[in-house]
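Contents: one structure, followed by commentary.
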Amino acid sequence: MPCEWQECLKALEAKQIDLLPDVALTAERSRKYGFHAVPALNSWSAAYVRKETHIESVLDLKNKKVAVLNGSIQDEYLRKLLEDFGVSAVFVPVHSYAEGFTLVSEGKADMVAANRHFGEQNADRYHLVASSLLFQPSRLYFAAPSGANADLLAAIDRHLEVWKSSENSPYFSILQKWIAEPASMALPSWVIWVLGGLATTVVAVLAIAQVLRRLVRERTENLRESDLLLQTIIDNLPMRVFWKDRELRYLGCNPRFAKDAGKHLSEELLGKDDHEMGWAAQADLYRADDRRVMDSGQSTLNYEEPQTTPDGKTIWLRTSKVPLRNSAGETIGVLGIYDDITAQKQVEDELTRHREHLEQLVEQRTAELNSAKEIAETASIAKSAFLANMSHEIRTPLNAIIGMPHILRRSGLTPQQSEKLARIELAGQHLLDTINAVLDLSKIEAGKFELEDTLIPIEEVVQTVISMVSGNAQAKGLHLNVKLSSLPEGLMGDRTRLQQALLNYLSNAVKFTEHGSITVEVEQDDDTPDSTLVRFSVTDTGIGIAPDAIPRLFSAFEQADNSLTRKYGGTGLGLAITRKIAQIMGGDAGVTSEPGKGSRFWLTVRLKKCLGEYGAVGIKGLSDAEATLKAEYAGTRILLAEDEPINSEITRSFLNEAGLLVDIAEDGEEALKLATEHDYALILMDMQMPNMDGLEASRRIRRLPKKTAQIPILALTANAYAEDKKLCLEAGMNDFITKPVVPERLFQTLLKWLDRNHSA
């Protein structure tokens, strides 16, 4: 179907023709037409003129009439080229190369831009010659309407690949003839004339520069001819090929590589890097490989790597990279080739997708669990804060409830008064035990339950607990037995918490056993070079526990039979706290029981072995502490900072009974003032006080002159949390005593610090 070029392009776009040859591929055309992959020809554009017309460079086109094919890539390229050089020319659009050649032959135009293949075949017929001006290398293809004749384009590719590789094919011979033919490098005669007048005119100097630029361009074009031949070979390789400079910018590639990059032309990649490609996600990986090859000078062959395609899919490549060197052997870049091995990776990809899906489900579930955990922890922390505040508010008046009976007993009572006072003490102690249990449980749930690490004499701990319940056991006629196995010496852990757990077991055993015996047994379950797992068990002959009640027995606020609460009392917290203590200490707790025959409660704890020297832990008897204070420290003056009048009165009474002299400060400011004015042996400091709290007062006392700054300061507070103790120690206090004040505990702590201060 004959047609002019612009008409042919419009007919192709309108699908009025099925195939159009010699179409240069551009980004715009790729959106309008369909192209095959292997270029049919590689060509240059050239300028054809009459023999008497001298056009040797772009500058010679100034004010010249240039015939160009309407709608061609020569038209677009030449306009841009002249604009870049600041040269103006008159463009004469033509509908065919033949029309353009005719206009130049008839003198109606000075130059015609044409495909070099057409020009070499037809220039003589129009009495035209090719100038040395070459520009715009192009690959020519057969084009089809967009989305049509895909099978025909594929067939063209198959035949071109065969013809280009067969030296016997006519196509191969013609291709070699046109590609191998070099561009003319003859020096125009007028250049010689210009050189002769170099010394006489500035214009000649400019002309020489122009000629030199032309010569450089001609040499460059010749080199590009050679490059085009090499590019033709590379373009027809079945694998992807690319090469980069030392800054890892693309210098070139073959069409298959450009297609993988989502580009229509190889030229679209020039000067770009991997971050601008469809595989930007793998850019850093590729560039790191490139640098490793260039820096080491060693090739990396046949390794697998992923690649993201422009449409977002992931394919797998088998890649090889080698250093790109110049004639001097210097590394100037990197050359790479790869094959698509996605088909070989399909099974692995499928497994990977399944794994990723499972991981997503796990992450989603984990996020949900974390969210639920955060909500639960927030609620637990809020509850703990509430309980801590309530504990403080309850402990403050409880200090008076428990402390006042102690003072009253020393003043002398009638039997009836003593009996009523005992009931008050029992109720107060029960309330204190309940508060302590609730507070302990909230500490554990909030993750604020801290363990001490001290030497634990196991036999002494057991005997202490036995002595605490022996009175009630004897009143019931129960026999208390102890069985101790041989254990390593120097075991370390939290003595107080272990004693608390054992006391819970023994108290329950006495409570629920009416006759018979209770046996405490201690044995070694496991032993390592650093620690020992110790098992404690308490066996009774009491009422026993029904099997269906055992699973909930160690839950908070639960008992084997809630109706027993009325008969035996209790909150149902003791066993829950015991199990949690055992678990925090590296063990566990449990029970075996049979209704009517008794129960065996057990717990295990892991105790560390003391690696240094150890010896018997001598603890001065609590009852001896008051007597020692009277004997050794009577008349010693101490400062009590307490804003609650009743608590102040009770604590001062305790201290006066021990022979100590007491000054009272109602807030932190007064405590700081008195500490500055007097020489005290010790300070008892409440945490919460008006005007200035105990923490700030302690910090300021520690900044006073040396002697005053070294006074022992003991916290005496209703704040019973571990973080409260930490705050006190950080503020400079030496020890921590909680309210309600137990006189024996108070005397023992005072004696310890007065002894230390005296020794210092």
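The values are calculated or read from the model by the stated rules, or taken from the named source; none is laboratory data. Not measured: the values here are computed from a predicted model. Ideal geometry is used to build each Cβ from the backbone, glycine not excepted, and the neighbour counts take in all protein chains shown. Side chains included, ligands, DNA and RNA excluded: accessible areas come from the protein's heavy atoms. Shrake-Rupley method; radii C 1.70, N 1.55, O 1.52, S 1.80 Å.
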Take the alpha carbon atoms of region 715-754, find their radius of gyration, then divide it by 2.2 N^0.38 Å using N residues; give the quotient.
-> 1.14
Any idea how far apart Lys706 and Ala280 come out in nm if each label point goes 7 Å out from Cα toward Cβ?
-> 6.9
Order of 21-31, 61-71, 678-688 by packing, highest average Cβ count within 10 Å first?
-> 678-688, 61-71, 21-31
Any chymotrypsin sites (Phe, Trp or Tyr not before Pro) in region 501-558 that lie in a DSSP loop and have at most 13 other Cβ atoms within 10 Å would be Phe557
May I ask you to give the solvent-accessible area per residue for region 687-760, in square angstrom, as obtained with a 1.4 angstrom probe?
-> 46
For labels at Lys630 and Thr314 in the simple 7 Å Cα→Cβ model, what's the distance in nm?
-> 8.3
Calc'd 3J(HN,Hα), region 482-494, phi into Karplus 6.51 cos²θ - 1.76 cosθ + 1.60 (θ = phi - 60°), Hz, glycine/Pro = x, comes to 10, 10, 10, 7, 5, 10, x, 7, x, 7, 10, x, 9
Quick one: Cα centre-to-centre distance for region 717-760 and region 245-262, in angstrom?
-> 76
If the convex hull is drawn through the Cα atoms of region 1-156, its volume per residue in Å³ | 108
Starting from the Cα of Thr464, step 7 Å along the direction of its Cβ; do the same at Gln688; then give the gap between the two resulting points in nm.
-> 2.9
Within region 304-318, whose backbone N sits under 14 Å from a point 7 Å along Cα→Cβ of Asp349?
-> 305-318
Percent accessible area from carbon and sulfur atoms, region 298-349, protein chains only, probe 1.4 Å | 50
In nanometres, the difference between 0.36 nm per residue of separation and the alpha-carbon distance of Ala154 and Lys32 is 42.1 nm
Can you pull the percent of region 1-138's accessible area that's carbon plus sulfur, 1.4 Å probe, other chains left in place?
-> 49
Taking only the alpha-carbon atoms of region 1-91, the convex hull volume per residue, in cubic angstrom, is 133
1/(1 + (r/R0)^6) with r = Cβ-Cβ of His117 and Glu356, R0 = 45 Å, i.e. FRET efficiency to nearest 0.05, evaluates to 0.25
Neighbour net charge for Leu335 - beta-carbon separation under 13 angstrom, K R +1, D E -1 = +2
In the P(r) worked out for region 264-388, what percent of Cα pairs fall beyond 27 Å?
-> 46
Ordered by residue, what ³J(HN,Hα) values in Hz, to whole numbers, does region 688-694 give under the Karplus form 6.51 cos²θ - 1.76 cosθ + 1.60, where θ = phi - 60° and Gly and Pro are x?
-> 9, 9, x, 6, 9, 7, x
What ranking, highest mean first, results for peptides 267-280, 150-163 when packing means the other Cβ atoms within 10 Å averaged over each residue?
-> 267-280, 150-163
Going toward the positive end of the dipole of region 1-73, with +1 on Lys and Arg Cβ and -1 on Asp and Glu Cβ, which of Val68, Leu25, Pro2 do you reach last?
-> Val68
Size of the dipole of region 220-361 about the Cα centre, Lys and Arg at +1 and Asp and Glu at -1 on the beta carbon, nothing else charged, in debye to 20?
-> 160
Could you go through region 272-279 in sequence order and give the Karplus-derived ³J(HN,Hα) for each residue, using 6.51 cos²θ - 1.76 cosθ + 1.60 with θ = phi - 60°, rounded to whole Hz, and x for Gly and Pro?
-> 8, 10, 5, 5, 9, 9, x, 9
Which of Ser698, Ala709, Asn719 sits closest to the plus end of the dipole of region 655-720, meaning its Cα is farthest towards the positive end, when Lys and Arg get +1 and Asp and Glu get -1 on the C-beta?
-> Ala709
Between Arg552 and Ile646, what is the FRET efficiency for a Förster distance of 41 Å, r being their Cβ-Cβ separation, to the nearest 0.05?
-> 0.50
With every protein chain kept in place and a 1.4 Å probe, region 465-563 has an accessible area per residue in Å² of 47
Provide Arg325, Arg702, Arg125, Arg652 ordered by accessible surface of protein heavy atoms (probe 1.4 Å), highest first.
-> Arg125, Arg325, Arg652, Arg702
Accessible area (Å², per residue) of region 227-379, counting only protein heavy atoms and a probe of 1.4 Å = 58
Distance check, please: which entries in Lys420/Lys673; Lys609/Lys707; Lys580/Lys726 exceed 32 angstrom between their Cα atoms?
-> Lys420/Lys673; Lys609/Lys707
